[in-house]
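Reviewing the structure listed below.
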Amino acid sequence: MEQWSIDRIPVSTNDHLLEHEANAYLLTHNCEDALLIDAGYADSTQTILQQIERRRAKLHGIYLTHYHPDHSLGAAYLARLTNCPIYCHPLEYRPLLELYASRSIEIKNIHIMPSLVNGSTVTHYNQSLDVIHTPGHTHGHIALHDKTSGIMFTGDTVIPQGTVWIGPPDGHLRDYLQSLDQLIARKPSTVYPGHGVVTDQPDALMTAMKARRLMREHQIITLLQSSPKTLEQLTQEIYKESVPTEMSWVALKTVQGHLQKIREDMIISVTVDPVANQISYYIESTTSVK
Ligand SMILES: [Zn+2]
């Protein structure tokens with residue numbers, strides 16, 4: 001049986017609010033119908049259409065790993081131009097509609113199907129991709145896994161460079177670590193990430209990503225055991241001067257995400273200082289896991 005061809009289409013944007021480059025993946029089979037996994041930014045549409053044309057294919061469906069604009073804005077335009085549906089996890093449906101509304105994108109003439117639930121499959125010419133619900137980066141994030149060939153599309157759950165953004169309210173660290181475990185257990189042979197290059201050593205990458213999170217969690221617990229600290233103080237101690245000022249909110253949200261998980265796991269004393277308008281956190285050194 002002929003395997004599908006996979007084109008990684010790196011797409012960039014001039015939108016300064018978004019990350020510089022994201023990946024869309026075009027899966028074609030015998031140069032006929034094509035599937036697209038993620039669709040980049042609003043200005044990605046032409047690049048993706050050109051690749052579809054080069055393959056002489058017809059777009060059959062757009063599958064979103066999650067609703068974030070660097071993966072989904074292009075989908076709205078492609079869906080309208082090619083008249084093909086957009087598929088997403090049910091938990092991404094509302095945020096996706098809200099995102100499109102906030103960008104004044106007309107959604108009347110595009111079809112969005114919130115049907116990608118855990119355990120379902122996307123089948124295309126006798127080949128199928130398992131849908132794996134991987135919350136953590138967003139609540140309805142999914143990965144797609146072809147068990148036969150071992151290839152896996154991970155969206156932003158696994159990226160080879162930098163750190164996956166896990167911050168409230170979209171993100172949840174415990175969910176994220178469980179999602180990573182789920183993907184590691186599937187032993188994919190090749191990972192096609194939402195950003196960056198394809199990796200054929202996904203096990204080492206995912207294990208290292210998990211270890212880094214756990215190391216950061218341990219560091220935060222140790223800092224909170226030494227003395228009470230506010231979220232801002234914690235962030236400052238962890239990142240010091242390593243984060244540029246314009247990205248300091250990302251560092252703050254990341255630490256907030258860790259703190260949320262630690263508060264679920266351990267007993268933390270919380271002190272509110274109404275005069276200074278500050279909340280401090282402290283962990284007794286004898287405190288064990290709840
Ligand atoms: Zn992304």
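Scanning segment 134-161 for residues that are away from the ligand (no atom under 12 Å from the Cβ) and among the polar types (S, T, N, Q) gives T134, T148, S149, Q161.
Going by the structure shown, is Y67 in contact with a Phe, Trp or Tyr (Cβ under 6 Å, 6 or more places away or on another chain), surrounded by 21 or more Cβ atoms within 10 Å (Cβ to Cβ), within 21 Å of N118 (Cα to Cα) and touching a residue at least 24 places away in the same chain (Cβ under 8 Å)? Answer is no for this residue.
Of all residues in segment 1-39, which are touching a helix residue (DSSP H, G or I) at 6+ places or on another chain (Cβ under 6 Å) and at pLDDT 95 or above? Selection gives D7, I9, A24, L26, D38, A39.
Checked against (1) within 15 Å of the ligand (Cβ to nearest atom); (2) within 30 Å of S242 (Cα to Cα); (3) part of a loop (DSSP other than H, G, I, E, B); (4) not basic (K, R), P169 passes all but condition (1).
In summary, helices (runs of 4 or more DSSP H) completely within segment 24-116 and bearing 2 or more residues that are under 20 Å from T154 (Cβ atoms) occur at 69-82, 90-102.
Let me confirm something: among T245, T207, which residue is under 30 Å from L64 (Cβ atoms) and not assigned by TED's automatic domain parsing to the domain that holds P10?
T207
Looking across V164, V122, V197, one residue alone is surrounded by 15 or more Cβ atoms within 10 Å (Cβ to Cβ) and within 16 Å of the ligand (Cβ to nearest atom). It is V164.
Restricting attention to segment 85-110, the residues being in contact with a strand residue (DSSP E or B) (Cβ under 7 Å, 6 or more places away or on another chain) and either of a type in the set (K, R) or modelled with pLDDT of 95 or more (or both) number 7.
Condition (residue is away from the ligand (no atom under 16 Å from the Cβ) and under 28 Å from N118 (Cβ atoms)) applied to segment 233-256: is it met by at least one residue? Yes. Restricting attention to segment 117-144, the residues being outside any loop (DSSP other than H, G, I, E, B) and under 26 Å from K261 (Cβ atoms) number 5.
The values are calculated or read from the model by the stated rules, or taken from the named source; none is laboratory data. What you see is a predicted model; the values in this text were computed from it and never measured. Here Cβ is always computed from backbone atoms with ideal geometry, including for glycine, and neighbour counts include all displayed protein chains.
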